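Asker: Quick one: this structure, given as C-alpha cells, is what I'll be asking you about.
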Amino acid sequence: VCIACVLEQTWSCFRRKVASKQVDISRTSVKMSGLGRYQVLAVVLAVLCLLPAHLDAQSTSTDSPHRRHFPRLTQGDITEISEIINNLIESNVIEDGTHPYIAGFVRLIFHDCVGVSCDGCVNLEYGPNAGLAPYIDVLNRTYYKPEHKLFKRMSQADLWALAGIIAAGRGAAKGGEPLSTVFRYGRIDCSTSPDTNAEDVYPNANGGARETLDYWKDYFGFTYPETTALLGAHSLGRCHRNASGFDGPWTTDKDSLDNAYFRDIANAELGWRQEKLDSSHVQWVQSVGTDNMMLNSDMALFKDLRPDTEDPAGQFSHCTYAQCGYSPSAAHVLAYAKDNALFVRQFSSVFQKMIEHGYTTRAAGRDLYEPVPGEAYEGMPRAPKREVWERAGPRARPYAPEGGV
C-alpha cells in the first residue's frame, strides 16, 4: 500500500511538471529537474524493507529437505530404483505365498493422494489410515539408506508412486495382462513427510451406490467406468480386523490384479448376504464357496444399495442381494467381469490419474516429468544439514535402524 501511494505521488508530480513544461518529453533524454528524487528514494527504501520478509518467507518454505529440487531422473535411475522396490516386495512373503507389499504399496499411494495432492504424507493417527505404518516405515528406511541415496534423488511421494506402479504392475502381470501406467516424477513432499496431522475425507466403506460414486466424482473427477475400474484394486490384499475393522480377502489370489473381483460381485450363485461383525462393521459374505467378502462400497458398484432406514448406524442395506436393483455402474462391473484386458486397460488409465492427483497443471507450476534416457545419475547433490532432519520428525531422519515389519 505504501509503495502504491509513493508511485501515485510520483506520477502526479511528473504530470504537473510536464504540464508546466519543466520536462521535455519530446527528447529521448528527459530532464526531470530533480523530479522524484525523494519519491524514488522512498520507493527504494520501501522495497529494501520488504525484501528481508520476502527472503525469510522463501527460506521458510524451502528449508525442508522435502521441498528442495532434485536432479533429473534418468531411465537408468528408474531401473535401479525399481529393482530396489522389487527386492523389497520379494523380501516379505507370508506363509500362504502372498507378498503383502504388493497390496500395501498400492493402498499407500491411494491414501497419499487423497486430499490436495500426492505429497508423501499420511496421518497414521487417523482411523482410515490404520495399518499403513509397515509400508511407510519400510519405504522410509529404504529412502534414507546410504547405499541407495534415494533422499538425494527423488521425493518420498515419487518413491511411493513408483512403488505403487511396480506393485500394481506385478499384480496385473500375475493376472495375465500388462499394466500401462507410466512413472513421471516431480511430486512435492509436505514439510513433515512422511508424517502429517491432516484428516482428509476418505470414501465410506459402508456407503451406498450414490455416495460411493459421488465421492470419486467430487474429489477426483472420475467417471463411473473409472471409479469402477479403480476399485478393482481390491482384488489385491485383504481386510484386517485390527486395522479397518473388517475381515477377510476380497478374492482368492491376493497378489493378482485381475477381474476376479468383478466376477465375484456379479455372481449371484455365491449367495451374497450381509453379516454384522460388531456394532460398527457390516460386510457382505458368501453363503457358499470361500471366505471372501465385500464391503458395502464394493457391492454398491453392482447393486443400488441404500441404508436401511431402521438401522441407526446406516450399515445394513435396505434390500437383499436378490432384491436390490442395479446401480448406475452395474454395466461396467459386467463389462470388466467378462473382459480382463478391458479392466486392466481402464485401471491403468485411472490409476495414472490418481497417482498424479494435484499435479500436471502448468499454471500452478506443478508439472511432472518423464525420465530422460541415460544411465543412473552419478553426481549426487549434497545431503541436507543435520538440523533439517531433526525438524522433519523422527521418521524423516536418515539411516533409520532396520527392524521387523
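Coordinate-derived values only; no laboratory data. Just so you know, these numbers come straight off a predicted model, no measurement behind them. Using ideal geometry, Cβ is built from the backbone for each residue, glycine included, and neighbour counts are taken over all protein chains shown.
Asker: Taking θ = phi - 60°, what integer Hz values does the Karplus form 6.51 cos²θ - 1.76 cosθ + 1.60 yield along segment 349-356, in sequence order, with x for Gly and Pro?
Answerer: 5, 6, 5, 4, 5, 5, 6, 10
Asker: Let me ask something additional. Which order do peptides 349-357, 274-282, 122-130 fall in by mean Cβ count within 10 Å, highest first?
Answerer: Highest to lowest by the protection proxy: 349-357, 122-130, 274-282.
Asker: Taking θ = phi - 60°, what integer Hz values does the Karplus form 6.51 cos²θ - 1.76 cosθ + 1.60 yield along segment 246-259, in sequence order, with x for Gly and Pro?
Answerer: Computed from phi, the couplings for segment 246-259 are 8, 9, x, x, 7, 10, 6, 8, 7, 9, 9, 9, 9, 8 Hz.
Asker: Give me, ordered by chain and number, the residues 5 or more places off LEU277 or on other chains with an amide H under 5 Å from its own placed amide H.
Answerer: Amide H neighbours of LEU277: VAL282, GLN283.
Asker: Now a separate question. Can you give me the C-alpha center-to-center distance between segment 109-125 and segment 180-237, rounded to a whole angstrom?
Answerer: Cα centroid of segment 109-125 versus Cα centroid of segment 180-237: 9 Å apart.
Asker: Students often get this wrong, so check it: of LYS149/LYS217; LYS152/LYS353; LYS217/LYS303; LYS152/LYS254; LYS152/LYS174, which have C-alpha atoms separated by over 30 Å?
Answerer: Beyond 30 Å: LYS149/LYS217; LYS152/LYS254; LYS152/LYS174.
Asker: Then there is this: Can you compute 3J(HN,Hα) from phi for each residue in segment 262-274, using the Karplus curve 6.51 cos²θ - 1.76 cosθ + 1.60 with θ = phi - 60°, rounded to whole Hz and x for Gly and Pro?
Answerer: Residue by residue, segment 262-274 yields 6, 4, 5, 4, 8, 9, 5, 5, 6, x, 5, 8, 8 Hz.
Asker: Out of residues 5 or more away from ASP258 or on other chains, whose amide H comes under 5 Å of its own, with H placed 1.01 Å from N in the peptide plane?
Answerer: none
Asker: Quick one: divide the alpha-carbon radius of gyration of segment 209-353 by 2.2 N^0.38 Å and tell me what you get.
Answerer: In units of the 2.2 N^0.38 Å rule of thumb, it is 0.99.
Asker: State the extension gain, in nm to one decimal, for the chain segment bounded by ASP278 and ALA322, taking 0.36 nm per residue of separation less the distance between their alpha-carbons. Could the numbers behind the result be given before it?
Answerer: Details: separation 44, 0.36 × 44 = 15.84 nm, distance 2.41 nm.
Extra length from ASP278 to ALA322 when fully extended: 13.4 nm.
Asker: Quick query: amide H of CYS239 versus all other amide H atoms, modeled in the peptide plane; which residues come in under 5 Å with a sequence gap of 5 or more or a different chain?
Answerer: When sequence neighbours closer than 5 places are left aside, the close amide H contacts are GLY248, TRP250.
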